Amino acid sequence: MNILFYASAVVAVLATVLAITRVHVIHALLYFIVSLLALAVIFYTLGAPFMAALEVIVYAGAIMVMFLFVIMMLNLGKETIDQEKIWFKPSVWAFPALLCVPLLVGILSVIGKAEGDMAHAVVGGKEVGIALFGPYLLAVELASLLLLAGLVGAFHLVRNK
């Protein structure tokens, strides 16, 4: 199981780097889907099969397919690709990389201080369903309406082209 975990971690990191560095949006989105699927395998190897299934169904399935449809409907041209090539220059990434250093230091300082056993924090599908359709029902419905509004808005943007 450890070999599968580390192999999936390498695939997830490589696919994410490839998703960030691709010029074509469709290729970047497909690499991002591969990254999400590798993350689902990581969840499974850590003993969270329900979270792995949610990762595949919700993120890699529903949301990424919706993004793919929106990108295909927008049909961005050469001007957008030229603008994205400007964003890949090192001078553009220097300041954001500098801002990430304190975040990395904070994360690394917290990782070493984690206490407790995670085996007692297992949450099953029934508990997630009760939480989503109990006190968080309004938030779930608002999120679904927001995704639907984004899809309808993207359709209306490209309808006259």
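None of the figures in this text is laboratory data; all of them are computed from the coordinates on show. Quick caveat: nothing in here was measured; it's all calculated off a predicted structure. No Cβ is skipped: glycine too gets one built from the backbone with ideal geometry, and neighbour counts run over all protein chains shown.
Quick notes on this one:
- Burial ranking of peptide ranges 24-30, 91-97, 144-150 (average Cβ count within 10 Å, highest at the top): 24-30, 144-150, 91-97
- Counting only the Cα atoms, the range 2-89 fills a convex hull of 73 Å³ per residue.
- Estimated purely from DSSP H runs of n ≥ 4, each contributing -39500 (n - 2.57), the mean residue ellipticity at 222 nm for the chain is -24500 deg cm²/dmol once divided by its residues.
- Count Lys and Arg as plus one, Asp and Glu as minus one, and take only other residues whose Cβ is under 12 Å from that of His24; the net charge is then +2.
- Relative counts (whole %) of C-alpha pair distances in the chain, using bins that are 10 Å wide: 9, 23, 34, 27, 8, 1
- Test item: Cα-centred dipole of the chain, Lys/Arg +1 and Asp/Glu -1 on Cβ, debye: 480 debye
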